[in-house]
Amino acid sequence: MVSRVRTVAFQGIEAVPVDVQVMVAPGKVGMSIVGLPDKAVAESRERVQAALHASGLSMPAKRVTINLAPADLPKEGSHYDLPIALGLMAAIGVIPADPLAAFVVLGELSLDGTIASVAGALPAAIAANGDGRGLICPHECGPEAAWAGSEIDILAPRSLIALANHFRGTQVLSRPEPGVRSGGPDLPDLADIKGQESARRALEVAAAGGHNLLMVGPPGSGKSMLAQRLPSILPPLSPRELLEVSMIASVAGELAGGRLTDRRPFRAPHHSASMAALVGGGLRARPGEISLAHHGVLFLDELPEFSPQTLDALRSRLNQPTM
């Protein structure tokens, strides 16, 4: 028997559908995962087995083969744990397979059967909603995923047992509510600045028009102090901008508790930051400071101290305002 569970792979902030196919058949006892998995996905074999054991279930004494389709798409991250476990549970008859087909699933499993939070719940929820499916995600990611729309069905269990009980009808999971982050500490206010009329006027023009701004002056003249107060005169994010900024932060794993905020981002990387840290990329591609400052402010203090290669990477962005 082959059971199927839908999950996603992330390419930037785009969630690409991935079909987790689980087959339990006679043969040498063991579990194998195919479909270009990275190390984190390959290690999910151990996490799934331990989580099932902690939940009172045992692995079947058969050959278990898991295929992540499409097979030519690289699979990265630990969010494949939960779909693999649910596909295996459906294959052995612990949970019904038909209700599971209506959901996109992602989540990392702990050894005790609890479900740990993962990055990318908001883009996954938006993709699931566009596909006419619901979303199963970790409990901590529920407030984040709920922003995808009021019509999408979202399950945010704390453990495998809670999810199995929900599908068996013995414990109904409620839909999480969208989380809103409090404003946090007060921003440095431009009203604190006395004098500096020309510099204040330049900040106001840059904030109104979304312009790039280069401050040049002797040490101690107030350049950094003025730049740090630019966010205090920026307007709140519009609903569309809020969604774009939150999707980037979700993929980067920077949404604390799954709560969104309408405050514009302010990023101030150190001048020793690498090119990958500034523009994104790396072995596992992650958003860089430029992306994380989308619709906000990217503040490069001590600009000449940045490496020439890093500054050259900013050329393509100079003609596109961050705000």
For the range 135-213, treating each Cα as an identical point scatterer without solvent, what Debye log10 I(q)/I(0) comes out at q = 0.11, 0.14, 0.17, 0.27 1/Å? -0.55, -0.64, -0.74, -1.20
Determine the principal axes of the Cα atoms in the range 173-226, then give the extent along each, sorted from largest to smallest and rounded to whole angstroms. 60, 23, 18
Can you work out ³J(HN,Hα) from phi for every residue in the range 38-45, in order, using Karplus 6.51 cos²θ - 1.76 cosθ + 1.60 and θ = phi - 60°, giving whole Hz and x for Gly and Pro? 8, 4, 5, 6, 4, 6, 4, 4
Which values of log₁₀ I(q)/I(0), to two decimal places, follow from the Debye formula for the range 181-323 at q = 0.11 Å⁻¹ with a uniform point scatterer at every Cα? -0.43
If you take every residue apart from LEU100 with its C-beta less than 15 Å away from the C-beta of LEU100, what net charge results, scoring Lys and Arg +1 and Asp and Glu -1? 0
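Under a 1.4 Å probe, what is the accessible area of the range 235-275 per residue, stated in Å²? Before the final figure, lay out the partial values.
Working: 2110 Å² over 41 residues.
About 51 Å² of surface per residue is accessible.
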Taking Cα atoms only, Rg over Rh for the range 113-259 with Rh from the Kirkwood formula is 1.17
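Rounded to the nearest 0.05, what FRET efficiency is calculated for ARG63 and LEU311 with R0 set to 56 Å and r the Cβ-Cβ distance? Intermediate values should be presented prior to the final figure.
Working: r = 55 Å, r/R0 = 0.98.
Once the sixth-power term is evaluated, E becomes 0.50.
Keeping all protein chains in place, calculate the accessible area per residue for the range 135-195 (probe 1.4 angstrom), answer in Å².
Working: 3140 Å² over 61 residues.
In whole numbers, the range 135-195 has 51 Å² accessible per residue.
How about the range 191-221: which trypsin sites (Lys or Arg not before Pro) there lie in a loop by DSSP and see at most 11 other Cβ atoms within 10 Å? Let's see the in-between values first.
Details: sites: LYS194, ARG200, ARG201; in loops: LYS194.
Within the range 191-221, the qualifying trypsin sites (Lys or Arg not before Pro) (loop, at most 11 other Cβ atoms within 10 Å) are LYS194.
May I ask you to give the average projected area over all directions of the convex hull of the Cα atoms of the range 229-301, in nm² rounded to one decimal? If you can, show how the numbers build up before the last one.
Numbers: hull surface 20.8 nm².
Approximately 5.2 nm², given one-decimal rounding.
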May I ask for the net charge around ILE33, where only other residues with Cβ less than 12 Å from the Cβ of ILE33 are counted and Lys, Arg are +1 while Asp, Glu are -1? 0
Using alpha-carbon pairs under 8 Å, 6+ residues apart, how would you state the relative contact order of the chain in percent? 14
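Around PRO138, under 12 Å between beta carbons, what's the net of Lys plus Arg minus Asp minus Glu among the other residues? If you can, show how the numbers build up before the last one.
Working: positive: ARG158; negative: ASP81, GLU108, GLU140, GLU144.
Summing Lys and Arg as +1 and Asp and Glu as -1 gives -3.
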Å² per residue, accessible surface of the range 1-122 at 1.4 Å: 41
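Output needed for the range 199-271: three equivalent-ellipsoid semi-axes, defined as square roots of 5 times the C-alpha gyration tensor eigenvalues, in descending order, whole Å.
Those come to 27, 15, 10 Å.
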Student exercise, the chain dipole from Lys, Arg, Asp, Glu Cβ charges, in Debye to nearest 20: 480
Rounded to the nearest percent, how much of the accessible area of the chain (1.4 Å probe, protein heavy atoms only) is carbon and sulfur? 54
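Which whole-number percent gives the relative contact order of the range 100-151, counting Cα pairs below 8 Å spaced six or more residues apart? Provide the component values of the computation, followed by the final result.
On the way: 70 pairs, mean separation 21.1, N = 52.
Across the range 100-151, relative contact order equals 41 percent.
Determine by what factor the alpha-carbon radius of gyration of the chain differs from 2.2 N^0.38 Å, reporting the quotient. Could the numbers behind the result be given before it?
Values: Rg = 23.4 Å, N = 323, 2.2 N^0.38 = 19.8 Å.
That works out to 1.18 for the chain.
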With a 10 Å radius around each residue's Cβ, average the other Cβ atoms per peptide and rank 45-53, 137-145, highest first. 137-145, 45-53
Under 16 Å by backbone N from the virtual spin label 7 Å along Cα-to-Cβ at LEU36, the residues of the range 75-90 are 75-77
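Once you compute Rg and the Kirkwood Rh from C-alpha atoms, what is the Rg to Rh ratio for the range 63-137?
Values: Rg = 12.7 Å, Rh = 13.3 Å.
Radius of gyration over Kirkwood radius for the range 63-137 works out to 0.95.
The values are calculated or read from the model by the stated rules, or taken from the named source; none is laboratory data. As the structure is a prediction and not an experimental result, all values here were calculated from the model. Heads up, the Cβs are rebuilt from the backbone with ideal geometry, glycines too, and the neighbour counts pull from every protein chain shown. These area figures cover heavy atoms from the full protein model, side chains too; ligands, DNA and RNA do not enter into them. Shrake-Rupley method; radii C 1.70, N 1.55, O 1.52, S 1.80 Å.
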